[in-house]
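Student: This is the structure I want to talk about, given as structure tokens.
The values are calculated or read from the model by the stated rules, or taken from the named source; none is laboratory data. Since the structure is predicted, the reported quantities are computational estimates derived from the model, not experimental observations. Positions of Cβ are backbone-derived with ideal geometry, glycine not excepted, and every protein chain shown enters the neighbour counts. These area figures cover heavy atoms from the full protein model, side chains too; ligands, DNA and RNA do not enter into them. Shrake-Rupley method; radii C 1.70, N 1.55, O 1.52, S 1.80 Å.
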Amino acid sequence: MTTQTVRGRRRASGPASEYPVAEAVMTVRPRDAHRDARRRKSLFNQVTDFASASGVGQKAGIALAATGLVLTVTVPSTGPMMSTADTGKNAAAASFAAQPEVSAAAGAKIDFNRTSVATKGDPDGKLKQLLSAQSVGTITRAASAGSLGAPLEHLVTASPFGFRVSPITGGAGEFHRGQDYAAQCGTSVMAAASGTVTFSGWHAYGGGNRVVIDHGNGLETTYNHLSSSSVQVGQKVSRGDVIALSGTTGASTGCHLHFEVMVNGDVVDPLGWL
Ligand SMILES: [Zn+2]
């Protein structure tokens, strides 16, 4: 009870009570900064958001972000949500690089590369044209819709983007940074568009095993809670390439894919791009 009160107060004293993270994002977004600066801000936001979502104190997340240790240091949680199951997840993460073989569970769908098949013409050409024509931050939802391919063969929404009751803490007003799609662990995860892998590894603040793809012009997609990844940083991928297998690593309550779309370092609703 005391912990909940403290967390509530902490959340309220940082991000405001009604729309916490959105306000923070809007106020801290650097408008004229270079791309590097935006990327640092992006990481910062990810850390603090995941930190609050997973019960790690925001101050700890901020301090670690400042020291550049965010991706290599795990802060012990002060909250009740770090169950013993997390130990198993961390152990699984240790073998992330080894890419453990995952056999398809009963009922698993056969991957037929939907993103390439379902989109006629040259979807990446369309996306590149869209991104080069204007600043990615000013692209309308009408223009961007359909420009990214689905990261799974079948998209079944488990939890939408935006504010929600946290499935982990039970607290209201959590900002959910992406779309959660139902997927049995071991389901093929596909690149939403061509791009370059900029991160493939353990995200210590809730994302678990995570892959980030940079599509250029400020557009990025992230794939989280993976059981394994088959790509490395710097690798070029094509739309529809299988880049990972879904899982439940990190701050996750079950097998699913947490998919994010980032524009200039800030998360946006993936539905505006799919
Ligand atoms: Zn999620």
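Student: Can you pull the percent of Cα pairs in the stretch 203-242 with separation above 15 Å?
Tutor: The proportion of pairs with Cα distances above 15 Å equals 42 percent.
Student: Quick check: residue separation of Arg164 and Lys126 times 0.36 nm, minus the Cα distance between them. What number comes out in nm? Can you show the working numbers first?
Tutor: Details: separation 38, 0.36 × 38 = 13.68 nm, distance 3.32 nm.
Full-extension gain reported as 10.4 nm.
Student: Let me ask something additional. Of all accessible surface on the stretch 122-166 at a 1.4 Å probe, what whole percent is carbon and sulfur?
Tutor: Accessible surface attributable to carbon and sulfur in the stretch 122-166 totals 58 percent.
Student: Follow-up. Gly265's amide H: which non-local residues (gap 5+, or another chain) put their own amide H closer than 5 Å, with H modeled 1.01 Å from N in plane and none for Pro or chain starts?
Tutor: none
Student: Over its Cα atoms, what ratio of radius of gyration to 2.2 N^0.38 Å does the stretch 114-272 give?
Tutor: Values: Rg = 14.8 Å, N = 159, 2.2 N^0.38 = 15.1 Å.
Here the answer is 0.98, to two decimals.
Student: What does the highest-first list of 142-154, 246-258, 160-172 look like by mean Cβ count within 10 Å?
Tutor: In descending order of packing, they fall as 246-258, 142-154, 160-172.
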